[in-house]
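First up is the structure itself, then whatever we jot down about it.
Just so it is clear, none of the values below were taken in a lab; they were calculated from the coordinates. It should be emphasised that the depicted structure is a prediction, and the values quoted were computed from it without experimental measurement. Backbone-built Cβ (ideal geometry, glycine too); neighbour counts: all protein chains shown.
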Amino acid sequence: MRKPISQACIIGTIHGYCLAKLREYWSDDYHNFDILDESARSSLIFREYRGILGLEKLQSELGVGPFSGVLEQFIRGYDQLHEHNRFDICITDNSPPYELGQKERDWCAKAKLRTHVGDSEKGAAFSESSTRYYAYLCCHRFLDFATSQTESFRNLIDDPSKHPLSSEIHLVIDEVQDINPLQRDSSMPLLPTQGDWQPLVTITKPFMDSEAQK
């Protein structure tokens, strides 16, 4: 007797899937991590806006109003680096401290961005804040939507044995035309033939609306 489809497949968001696999395969590092939604993410950033993250420097260089103007541009830039798999960071000590306060600030300050984002003061301010934000997430055992995907993808690249075999699964992507480059690259190993997108099924809202009207 076949299992109901709800029991035989994983249905969820990409970041939820990534977190589940991080916890399953690399539990020593990610067992107590959780996903931040956009509202909680903004709150976390505001908490250390002038502290660990030093976003007042970026605000000055951008010449925009405090908080909301800087937050929008900072998050867009940070997410773009992750969505194109261009966020390359170096932290001397790879294990984030459990103690917050001064140890947390010192650990976050060690983070350096290896990705070139320009030689201007604006680029330098963004580089510093983005790396400290990533380190700050690690200290609090959080991942945002973008970071969860790069963490999963890079761990799979380092340990490809954890990647499910394409012969064992069928991959269904909702609105495949809207996926970003990182999501595309993450899907490639799941295809029977490299670069063959035929097995990918896209379900678009207009289709769903038209079917509902029949």
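Overall shape: prolate for the range 67-174, with the ratio a/c of the largest to smallest alpha carbon gyration tensor axis at 1.5 or above and a/b above b/c.
In order along the range 63-78, phi translates into HN-Hα couplings of x, 10, x, x, 6, 4, x, 5, 4, 4, 6, 5, 5, 4, x, 4 Hz, rounded to whole numbers, per the Karplus curve 6.51 cos²θ - 1.76 cosθ + 1.60 with θ = phi - 60° and x for Gly and Pro.
The ranking of D178, D79 from fewest to most other beta carbons within 10 Å of each one's beta carbon is D178, D79.
Converting phi to 3J(HN,Hα) with the Karplus coefficients 6.51, -1.76 and 1.60 and the offset θ = phi - 60°, the range 101-118 yields x, 5, 4, 5, 4, 5, 5, 5, 5, 6, 5, 10, 8, 8, 5, 7, 10, x Hz in sequence order, with x at every glycine or proline. The chymotrypsin sites (Phe, Trp or Tyr not before Pro) of the range 94-182 that meet both conditions, a loop assignment by DSSP and at most 10 other Cβ atoms within 10 Å of the site Cβ, are Y98. Shown here for the range 1-101: GluC sites (Glu not before Pro) in loop regions (DSSP other than H, G, I, E, B) with at most 14 other Cβ atoms within 10 Å, namely E99.
Residues whose amide H lies under 5 Å from that of D34, counting only those 5 or more places away or on a different chain, are F142, L143; hydrogens are built 1.01 Å from N in the peptide plane.
Annotation: amide H of I173 within the under-5 Å range of V201, sequence separation 5 or more or interchain, hydrogens built in the peptide plane. Sorted into 5 angstrom bins from 0, the C-alpha pair distances of the range 1-159 split as 1, 9, 17, 21, 20, 14, 7, 4, 3, 2, 1, 0, 0 percent.
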